[in-house]
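Beneath this line is the structure, given in structure tokens, with notes to follow.
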Amino acid sequence: MKNLEDLFVHFLRDIYYAEKQVLKTLPKMARKASAPELREAFEHHREETEGQIENLERAFEALGLKARGVTCEAIDGILEEGKEIMDEAREDDARDAGMIAAAQAVEHYEITRYGTLIAWAKRLNKTDIAKLLAANLEQEYAADQKLTGLAESGLNKQAA
């Protein structure tokens, strides 16, 4: 990677990989959730993630590139931690609280990636791509806020 354009493409491939991995994980999280509102949040975000992947594919198309990811060890580690919580938590309430924490770690990773990519897209005069990425970022912020609301509204208390 020798310039900002190269970095931009690399990070775009990174978040594409991340979103694809998250898409694979969300159905399992929904199945493992005991609280109906948490299950619904995971199912809703799965639908959003499908749209986010489509936005990323449009971004690749605008760049004249094939949509493909690069392995992102950071997201793999975050998702592995979430899998451990799902597998090892013995009480439903504790599992739900742990899955919220794991899901928020994913959201925070995605928020940082999208924020960087938007700034770089603007610097590179790729305003149409910046708009696609900004739409994804808004959904990530909303998902994070939804998870915080679920945790604070009682799921953390139930796990205590």
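The values are calculated or read from the model by the stated rules, or taken from the named source; none is laboratory data. Since the structure is predicted, the reported quantities are computational estimates derived from the model, not experimental observations. Cβ atoms come from the backbone with ideal geometry, glycine included; neighbour counts cover every protein chain shown. Heavy atoms of the whole protein, side chains included, go into the accessibility calculation; ligands, DNA and RNA do not. Shrake-Rupley method; radii C 1.70, N 1.55, O 1.52, S 1.80 Å.
Here the chain is assigned +1 on the Cβ of each Lys and Arg and -1 on the Cβ of each Asp and Glu. Its dipole about the Cα centre then comes out at about 520 debye. Think of a 1.4 Å ball rolled over the protein heavy atoms: the stretch 1-159 then has 52 Å² of accessible area per residue. Note the listed values [x] 1.15; [y] 1.47; [z] 1.08, then indicate which one is Cα Rg over 2.2 N^0.38 Å calculated from this particular structure. Here the calculated entry is [z].
In the context of the full protein assembly, residue 70 retains an accessible surface of approximately 30 Å², using a probe radius of 1.4 Å and ignoring ligands and nucleic acids. Between the listed residues 34, 7, 118, the Cα displaced farthest toward the positive end of the dipole of the chain, a dipole computed from Cβ unit charges relative to the Cα centre, is found at 7. Per-residue ellipticity at 222 nm from helix content only, as computed over the chain with -39500 (n - 2.57) for each DSSP H run of at least four residues, stands at -29000 deg cm²/dmol.
When the chain is treated as a Gaussian network with alpha carbon springs shorter than 10 Å, the biggest mean-square fluctuation among 24, 131, 146 belongs to 24.
Quick check: at a probe of 1.4 Å, how many percent of the accessible area of the chain sits on carbon and sulfur atoms? Walk me through the numbers on the way to the answer.
Details: 4000 of 8420 Å².
With neighbouring chains kept in place, the figure for the chain is 48 percent.
Dipole of the chain computed with +1 at Lys/Arg Cβ and -1 at Asp/Glu Cβ about the Cα centre; of 100, 137, 78, farthest Cα towards the positive end is 137.
Note on residue 83: lysines with a C-alpha under 23 Å away, same-chain residues under 8 apart excluded, are 20, 24, 28, 32, 146, 157.
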